[in-house]
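**Student:** Here's a structure for you.
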Amino acid sequence: MTAKRKPESTGRRFVKVCHILDQHDHNPSRLVPILQAVQEEYRYLPQEVLTYVATALGVSPARVFGVATFYAHFTILPKGKHLVRLCDGTACHVKDSVPILRALQKRLGVDDRRKTTEDMLFTVETVACLGACGLAPVVVIDDQVYGQQTPESAVKLVETLITQEAQ
């Protein structure tokens, strides 16, 4: 017979969130930087964390959720370990970024609706502009910029990460 685990107390479960709130003096006017720090920690904004932040700041959960869903920088959906961003700004689009996106999606088994692989290893997103138009088309993987990509070269970048993860 195995012993039942006691549920974690709220304090232990949200210890990192508590630390972030302490750093911002539980100040509701610091909601955006608080959410930025929380997202940095979790890689997204879990609903239960948003509710906890609202309670800790003494504001409505609707306000916190509204901020989290208003700004494009925030995400309420879990992201994979590796974030693959493909620029679809004008310069990249003209230089055929769409075939690169489709090749990455096909290789990873994702699409426009389901952007994260089932194993939570990759998330593929498009962005309006990465500010590297001279390198178009551009793919950014985990903050590393790769310019002048083709469908084949982009898939090769992902293949390299898959091989590294398997080791």
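The values are calculated or read from the model by the stated rules, or taken from the named source; none is laboratory data. Because the structure is predicted, anything quoted here is derived from the model rather than measured. When we count neighbours, we look across all protein chains shown, and the Cβ atoms used for this are built from the backbone with ideal geometry, even at glycine.
**Student:** Are there any helices (runs of 4 or more DSSP H) wholly within the range 25-104 with 2 or more residues that are within 20 Å of Val127 (Cβ to Cβ), and if so which?
**Tutor:** In the range 25-104, the matching helices (runs of 4 or more DSSP H) lie at 31-42, 61-70, 90-94.
**Student:** Within the range 60-70, can one find any residue that is in contact with a Lys or Arg (Cβ under 9 Å, 6 or more places away or on another chain) and not β-branched (Val, Ile, Thr)?
**Tutor:** Checked against the condition, which is being in contact with a Lys or Arg (Cβ under 9 Å, 6 or more places away or on another chain) and not β-branched (Val, Ile, Thr), the range 60-70 yields no hits at all.
**Student:** I would also like to ask the following. Give the residue that is surrounded by the fewest Cβ atoms within 10 Å (Cβ to Cβ), with candidates limited to residues of the range 23-65 that are basic (Lys, Arg) and modelled with pLDDT of 95 or more.
**Tutor:** Arg63
**Student:** Additional query: Quick one: in the range 77-114, which of the residues that are charged (D, E, K, R) and in contact with a helix residue (DSSP H, G or I) (Cβ under 7 Å, 6 or more places away or on another chain) is modelled with the lowest pLDDT?
**Tutor:** Asp88
**Student:** Hey, does the range 113-133 have a residue that's part of a helix (DSSP H, G or I), at negative phi and in contact (Cβ under 8 Å) with a residue 40 or more places away in the chain?
**Tutor:** For the range 113-133, residues part of a helix (DSSP H, G or I), at negative phi and in contact (Cβ under 8 Å) with a residue 40 or more places away in the chain: present.
**Student:** Which one of the conditions (1) modelled with pLDDT under 90; (2) basic (Lys, Arg); (3) crowded, with 16+ Cβ neighbours inside 10 Å does Arg5 fail to meet, given that it meets all the rest?
**Tutor:** (3)
**Student:** Looking only at the range 46-74, how many residues end up being of a type outside the set (A, V, I, L, M) and closer than 22 Å to Arg85 by Cβ?
**Tutor:** Here the count works out to 6.
**Student:** Can you tell me which residue in the range 134-167 is farthest from Pro78 (Cα to Cα), limited to those that are of a type in the set (Val, Ile, Thr), outside any helix (DSSP H, G or I) and touching a residue at least 40 places away in the same chain (Cβ under 8 Å)?
**Tutor:** Taking the candidates together, the pick is Thr150.
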